[in-house]
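Written out below as C-alpha cells is the structure these notes cover.
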Amino acid sequence: MIHIQEPKSPKEVVHMDWVTALPPSGNKHYNACLVIVDRYRKTPIILPCHNNDTAMDTDLLLWSRVLSHTGLFKNIISDRDSKFTSALWTNLHRLFGTKLSFSTAHHPQTDGLAERIIQTLEDMIRRFCAYGLELKDSDGFTHDWCTLIPTLELAYTTSVHSSTGQTPATLEKGWNTRLPADTLRKDLIDIHPKTSSFKMMLDKVKNHAKQ
C-alpha cells in the first residue's frame, strides 16, 4: 500500500476512478463518468464522458471542467487504467508538478474511506441511470442521468459525512447551502408551465433519493 500524506487544504489530494457501462445519455451520448473526490473535504466532481475516451480526451476534460477552476492538484490517486498510465498523462502531470499515485489490485483505492465514497457515488449514479429516463416534461424532453448529475452532486455534498460530522458543502464554503427543497414556494398560482415541469422534476428526484 502506498503512503498517503494527508492534505492540509482542499484540492491537494484527489482520488479518481471511472464509472463505466452506463446507458447513453444526452446529445453527446455519454456512457461513463469520471469521478473525482477531494480527500480533504470529501467533495465530489462527477464528469460525464465516454468509455472509449483517450488520455487526451481525459486531459482536456479535466482541464476545461476542473483545473481551470481549482488550479493544479498536488497528488492524484487512481488505479492503473491505461489512460492514467499513458505517456501523455504521466508526462503532462510531471510537467505540472503533480504526483501520480497508483493503487494495486489488493488495495483498490489505497484506503477504505476513499473506496467507500467512490462506491457510494457509483451507486447513486447507477440509480439515477435506472430512474432518470422516466423524467419527461410536457414537451417530451427527457431529463436523463446526464442532466441530473448536478442534482446528485448537490445531494451528496449537502449530506452530513460520517467522518467529519459536517456536510462537504459546509466544509468547502464555510456556510450552509441553500437548497431548492428549503426555498421552493408552494403558494404560487400563476406559474409558467416549464417552471412547473421543472419543479415536478425536482420533486420526483427528491422523493427517489429518499428511497
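For this structure, a couple of remarks:
- Subtracting the Cα-Cα distance of A21 and R127 from 0.36 nm times their residue separation leaves 36.8 nm of extension gain.
- For the range 1-90, a/c is not less than 1.5, where a ≥ b ≥ c are the root eigenvalues of the C-alpha gyration tensor, and a/b tops b/c. That puts it in the prolate class.
- Area projected by the alpha carbon convex hull of the range 1-40, averaged over all directions, nm²: 4.1
- Which of R39, R178 has the fewest Cβ neighbours within 10 Å, and the rest in rising order: R178, R39
- Ranked by how many other Cβ atoms sit within 10 Å of their own Cβ, fewest first, the residues R41, R80 fall in the order R80, R41.
- Gain upon complete extension [R65, R178; 0.36 nm per residue less C-alpha separation]: 38.3 nm
Bear in mind these aren't lab numbers, they're just calculated from the coordinates by the rules spelled out. Please read all numbers here as calculations on a predicted model, not as lab measurements. Neighbour counts run over all protein chains shown; Cβ positions are idealised from the backbone, glycine included.
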